[in-house]
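A short worksheet on the structure shown next.
Values in this text are rule-based calculations from the coordinates and carry no lab data. Given the structure is predicted, the values throughout are model-derived calculations rather than measurements. Here the Cβ positions follow ideal geometry from the backbone for every residue, glycine too, while neighbour counts run over all protein chains shown.
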There are 2 protein chains.
Amino acid sequence: MTTTDPGAPAPAVVDGPPSGERRAPVVVMTDVARAAGVSQKTVSRVLNGSAHVRPEVRERVRRAVDELGYRRNAAARALVRGRTHVIGVVGLRSALYGVSQHVMGLERAAQASGYGVVVVSTATGEADEVLRGVERALELGAEGVVLVEPYFDTRALRGPLAGTPVVAAARSAHEGQRAWTVDADQVGGVEEAVEHLVDLGHRCIGHLAGPTTWRSALVRERTWRAAVEARGLAVVEPVRGDWSARSGYEATCELLAREPRGRVTALVAANDHMAVGAMRALAEAGLSVPDDVSLVGFDDVPEAAYLPVPLTTVRQDLALVGERAVASLVELVEGHGRADAGDEPRLDVVPVELRVRSSTGPAPRAAGGGRPPT
Amino acid sequence: MTTTDPGAPAPAVVDGPPSGERRAPVVVMTDVARAAGVSQKTVSRVLNGSAHVRPEVRERVRRAVDELGYRRNAAARALVRGRTHVIGVVGLRSALYGVSQHVMGLERAAQASGYGVVVVSTATGEADEVLRGVERALELGAEGVVLVEPYFDTRALRGPLAGTPVVAAARSAHEGQRAWTVDADQVGGVEEAVEHLVDLGHRCIGHLAGPTTWRSALVRERTWRAAVEARGLAVVEPVRGDWSARSGYEATCELLAREPRGRVTALVAANDHMAVGAMRALAEAGLSVPDDVSLVGFDDVPEAAYLPVPLTTVRQDLALVGERAVASLVELVEGHGRADAGDEPRLDVVPVELRVRSSTGPAPRAAGGGRPPT
DNA sequence: CCTCGCGTTGACTGCGCTGTCAGGACCGTG
DNA sequence: CACGGTCCTGACAGCGCAGTCAACGCGAGG
């Protein structure tokens with residue numbers, strides 16, 4: 001690595017990298033001006049779509065730009081205008097379906113609003129790493145940041161970061177939230193799933209929980225517990241996984257080993273991938289979905305409808321969450337002059353939708369555990 | 001939208017946006033210098049890790065930086081140094097598993113090499129749209145671009161773009177390739193899959209092809225055909241899908257309707273999601289995997305091993321492809337002074353690996369079609 | 001003692017661009 | 001013809017930073 005890494009230990013160079021390393025853009029605005037026979041300022045006007053340039057001059061400049069292959073220098077523009085028109089996305093490095101869908105929505109919305117996107121990924125999502133990621137995004141010129149971190153507590157945005165426009169996306173709000181938040185309606189989704197199962201007659205509904213390092217997993221778990229308790233149903237202690245199909249398989253095996261056969265007649269998985277693993281474990285145990293056990297997922301991955309048993313699941317439109325997050329961030333960035341950080345953090349909840357397919361069905365008559373319906 | 005969108009029709013403003021819109025960073029290097037009682041240049045030296053600063057002064061500057069919450073202005077730095085240390089990723093907007101895994105690898109590698117990443121997504125991947133995307137990335141300050149476009153022909157990089165450092169990633173090379181290319185070994189993967197099936201005694205191996213708008217789909221299809229023909233086996237005309245489980249389901253239904261039952265004893269799907277759909281279609285037709293039909297996927301998505309019938313598939317490490325792409329791009333960007341674009345385009349192939357699981361098994365004895373083994 | 005050289009520091013400059021402001025060309029009106 | 005107004009254009013300054021070069025202080029060597 002020959003680059004002068006800022007913050008790195010001092011290289012044994014006198015003062016800077018040896019000159020000659022610099023790669024100045026070949027052609028600058030003055031070159032275009034000379035070619036078009038106008039002043040450099042007029043070129044600037046044409047390129048910025050200013051009125052008050054004669055069409056003929058405009059045309060001449062345009063031609064010169066094309067001929068020379070001129071491209072404006074983003075750095076110089078940003079420097080003089082004091083704005084970069086770039087936003088940052090700081091997110092956990094993850095190939096999860098939801099995450100990528102989400103980032104795509106973010107980028108498209110940013111582009112539509114005239115912003116570029118720099119991405120900074122974090123390896124673990126721990127607070128200090130996220131803070132470094134935000135710093136990095138700002139150093140790359142971001143005017144604001146969308147956080148796509150599953151657990152980060154925005155109250156950690158203290159000190160010099162306190163004034164930074166930040167929107168937390170696709171994660172449920174903390175109490176004492178310090179940033180605007182956009183998320184899908186996790187609570188509503190789980191409640192709807194439980195309601196659906198109860199309507200089908202299930203009285204003992206288990207849960208395959210997601211990792212505790214994801215707030216949304218905790219919210220789903222808490223909501224499941226509350227929904228089950230509110231109906232006076234038995235609470236089977238959930239088994240925890242890590243979103244993966246493997247973990248869903250293992251968790252289900254563990255649950256089946258622990259609970260008497262026939263007691264749990266329905267399972268709510270924290271996401272679709274875990275539900276896939278659960279299906280396999282249930283099949284291996286000789287249990288049929290949905291005749292013996294009903295199964296609900298979360299996410300509605302595209303293949304959910306085409307699994308051997310099409311999966312009932314909660315659809316969340318994470319691309320839309322991304323769009324809304326960008327909209328909020330742009331509002332924060334551009335309205336920075338007015339009420340500033342005075343307003344309390346906003347919470348934007350995007351609706352979800354239960355997709356009922358074949359993996360859920362009526363509870364088996366000879367259901368074991370739970371109390372009889374009231 | 002109040003921003004002055006470059007290239008947009010001229011707003012009815014006299015010359016530029018009304019001043020007052022600018023948001024200058026609160027604290028600049030001179031402020032730090034004043035607080036630390038040194039010159040601005042010395043602050044610059046400390047922040048760039050230059051030698052020849054007394055430890056005591058260095059410490060004073062560091063403290064002032066922390067106290068004021070100072071952050072260097074990326075635009076000014078880029079302007080004066082002539083380098084942005086940013087690379088662009090221009091890619092098709094897609095939530096496909098492979099794509100996101102790939103971009104994560106890219107970002108991590110870029111960060112490790114001291115580069116930031118700006119992403120620009122394209123909606124369709126058509127050539128002129130991709131070219132605009134590249135332009136956009138360059139206008140955002142990218143010094144080079146990684147193309148993650150499934151079909152783009154790099155020969156279109158003519159004119160002012162001809163000299164741009166570009167690496168095409170995760171797509172198979174065109175003939176007459178104009179850019180360095182990094183890709184997983186599509187050909188080897190399909191060949192290995194066919195070989196595996198032939199070893200198991202299959203004599204009629206069908207293919208569920210991917211969309212023609214993806215070069216990798218075409219390569220997989222071509223390779224499958226060549227491998228089958230080379231062994232003198234029957235070629236069953238493939239059915240085409242679009243990577244989705246739905247399309248895999250529909251393609252398989254179509255194939256089953258078209259071919260006499262028992263003729264095709266093995267299917268190579270263009271990716272794992274299509275294989276999932278195929279499984280469902282086969283099950284609905286009363287065919288068992290792998291007893292009646294063997295099935296091979298491509299990608300090795302994490303849940304492949306936990307499907308009801310664990311899927312035999314070709315694992316490609318797209319994160320690694322991303323890393324190698326960045327490595328190549330950095331080489332191009334930093335070595336721009338030497339051989340320039342003189343060297344012929346490089347082709348970097350990352351090995352793949354066949355993961356044999358339960359979805360493939362010996363060909364049924366009473367296989368219908370195909371020719372007897374020679 | 002002076003000189004030399006090194007380590008350390010700061011004044012100045014300019015990167016490429018846009019905002020400001022002033023000036024010229026041209027129109028219509030009094 | 002003079003005058004004000006409108007439209008168009010260019011000279012100039014300066015955004016925040018790093019490179020250049022000169023100057024300072026100080027210890028070693030002559």
Compute the Cα gyration tensor for segment B:89-152, then decide on rounded, prolate or oblate, letting a ≥ b ≥ c be the square roots of its eigenvalues: rounded whenever a/c is under 1.5, prolate when a/b is larger than b/c in the other cases, and oblate in all that remain.
oblate
Can you give the alpha-carbon Rg of chain B over 2.2 N^0.38 Å, where N counts its residues?
1.30
Where is the GNM fluctuation largest for chain B (alpha-carbon springs, 10 angstrom cutoff): B:ARG63, B:ARG83, B:ARG136?
B:ARG63
Net charge near B:GLU59: determine it from the other residues with C-beta under 13 Å of the C-beta of B:GLU59, scoring Lys and Arg +1 and Asp and Glu -1.
+2
Pick out which of B:HIS52, B:HIS202, B:HIS273 has the largest mean-square fluctuation in a Gaussian network model of chain B, springs linking Cα atoms closer than 10 Å.
B:HIS52
Rounded tilt (10° steps) of B:97-112 against the dominant C-alpha axis of chain B:
30
How do B:ASP153, A:ASP66, A:ASP183 rank when sorted from fewest to most other Cβ atoms within 10 Å of their own Cβ?
A:ASP66, B:ASP153, A:ASP183
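Quick one: Cα convex hull volume of the protein assembly as shown, Å³ per residue? Let's see the in-between values first.
Values: hull volume 136.2 nm³, N = 748.
So the per-residue hull volume is 182 Å³.
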Using the Kirkwood formula on alpha carbons, the hydrodynamic radius of segment B:29-81 in angstrom works out to 11.1
Would you tally the net charge around B:PRO160, using a Cβ to Cβ cut-off of less than 10 Å, leaving B:PRO160 out, and scoring K and R as +1, D and E as -1?
-1
Rounded, prolate or oblate: pick one for segment B:186-316, where a ≥ b ≥ c are the square roots of the eigenvalues of its C-alpha gyration tensor, a/c under 1.5 means rounded, and failing that, prolate if a/b is larger than b/c, else oblate.
rounded
List the residues, sorted by chain then number, that are 5 or more residues from B:GLY144 or on another chain and whose placed amide H is less than 5 Å from its amide H.
B:GLY88
Loop-only check: which GluC sites (Glu not before Pro) in segment A:166-232 are DSSP coil with at most 11 other Cβ within 10 angstrom?
A:GLU175
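Listing A:VAL190, B:VAL235, A:VAL296, B:VAL27 from the residue with the fewest other Cβ atoms within 10 Å to the one with the most, what is the order?
Working: A:VAL190 27, B:VAL235 13, A:VAL296 31, B:VAL27 17.
The most exposed by this proxy come first: B:VAL235, B:VAL27, A:VAL190, A:VAL296.
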Build a GNM of chain A with springs between Cα atoms under 10 Å: which of A:GLU139, A:GLU250, A:GLU126 gets the top mean-square fluctuation?
A:GLU139
Interchain or long-range residues, amide H under 5 Å from A:LEU267's placed H
A:GLY206, A:SER294, A:LEU295, A:VAL296
For segment A:265-280, what does the Karplus curve 6.51 cos²θ - 1.76 cosθ + 1.60, with θ = phi - 60°, yield as ³J(HN,Hα) per residue in whole Hz, taken in order and with x for Gly and Pro?
10, 8, 10, 9, 8, 5, 7, 5, 5, 5, 5, 4, x, 4, 3, 5
Output ³J(HN,Hα) for segment A:230-246: one whole-Hz value per residue in order, computed from phi by the Karplus curve 6.51 cos²θ - 1.76 cosθ + 1.60 with θ = phi - 60°, and x for Gly and Pro.
4, 9, x, 8, 5, 9, 8, 4, x, 10, 9, x, 10, 5, 7, 4, 4
If the label for B:ALA283 sits 7 angstrom from Cα along the Cα-to-Cβ line, what are its distances to the same label in every other copy, in nm to one decimal, shortest first?
0.5
If you rotate chain A onto chain B, the residue of A with its Cβ nearest that axis, and the gap in whole angstrom, comes out as A:SER100, 2
Assume the label is 7 Å from Cα along Cα to beta carbon: what separations in nm does B:ASP31 have to the matching positions in the other copies?
3.7
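Among the DSSP beta bridges whose two residues both lie in chain A, what percent are antiparallel, rounded to the nearest 5? Write down the numbers at each step before the final one.
Values: 4 of 38 bridges.
Expressed as a percentage, antiparallel bridges in chain A total about 10.
Hey, fewest Cβ within 10 Å first, where do A:ARG62, B:ARG171, A:ARG108 land in order?
Values: A:ARG62 15, B:ARG171 23, A:ARG108 18.
The fewest-first ordering by Cβ neighbours comes to A:ARG62, A:ARG108, B:ARG171.
What does the helix-only formula give at 222 nm for chain A: each DSSP H stretch with n ≥ 4 adding -39500 (n - 2.57), the total divided by the residues, and the result rounded to the nearest 500 deg cm²/dmol?
Values: 11 runs with 141 residues, N = 374.
After summing the helix terms and dividing by residue count, I get -12000 deg cm²/dmol.
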To the nearest 10 degrees, the tilt of helix A:318-334 (Cα long axis) against the first principal axis of the alpha carbons of chain A is 40
Report, by chain and number, residues whose modeled amide H sits under 5 Å from the one on A:ARG355, excluding near sequence neighbours (fewer than 5 apart, same chain).
A:THR313, A:VAL314, A:ARG315
For B:ARG261, place a label point 7 Å out from Cα along the Cα→Cβ vector, do the same in each other copy, and report the separations in nm, one decimal, smallest first.
3.3
For the protein assembly as shown, share of DSSP beta bridges that run antiparallel, in % to the nearest 5:
15
Hey, what do the phi angles of segment A:184-199 turn into as Karplus ³J(HN,Hα) couplings, whole Hz, using 6.51/-1.76/1.60 and θ = phi - 60°, x for Gly and Pro?
6, 7, 4, 4, x, x, 5, 4, 5, 4, 5, 3, 4, 5, 5, 4
